[in-house]
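Written below as structure tokens is the structure these notes are about.
Derivation of every value follows stated rules applied to the coordinates shown; laboratory data play no part. Remember, predicted model here, so these are calculated numbers, not experimental data. We place every Cβ from the backbone using ideal geometry, glycine too, and count neighbours over all the protein chains shown.
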Amino acid sequence: MSKQVQKTIKKKKNNNIWLFLGGLIIIALAVIIGFSQNTAETNTMPLEVSVENAYQMRENGAFVLDVRELSEWEDGHIPDATLIPLGQLESRMDEIPKDQEVLIVCRSGNRSAQARDILYNAGFTTITSMAGGMNQWIAKSYEVEFGQ
């Protein structure tokens, strides 16, 4: 076989490798873009909202989920909220509506973010947590109920 024929064969092999790699890159990008669009469509709410936005959500009929402990709840909670302590959340998810916006609150915003992530992983999509928690709710002088 002549050197010219060997060079031509080598070039064709190199071209085939580049075409194959280019095809893989295009497929990977298409999958990533498709996944991103699907995620944007299913996660219809921001991960976290301000206390002012949370107040409006409550006024508009959102389901308010308080994930604090009972003693914290008794010291003051949002009227008409539902108490499910974070430690009980996974076993009581059936008490949370999937067809309604869910606003998750705690004392400062940390546990509500954890609860939000647990619920997202369980398939809930219209959920968000309140930044600043009950500390900020009370600081804004929004309505609070005491006791059970």
Item checked: Cut-off under 5 Å, modelled amide H: who pairs with residue 48 long-range -> 129
Next item on the list: Work out the length of the dipole vector of the stretch 48-139 about its Cα centre, built from +1 on the beta-carbon of each Lys and Arg and -1 on the beta-carbon of each Asp and Glu, and round it to the nearest 20 debye.
Entry: 180 debye
Checklist line | Radius, Kirkwood style, for the stretch 48-139 when every pair of distinct Cα atoms is counted (Å) | finding: 12.7 Å
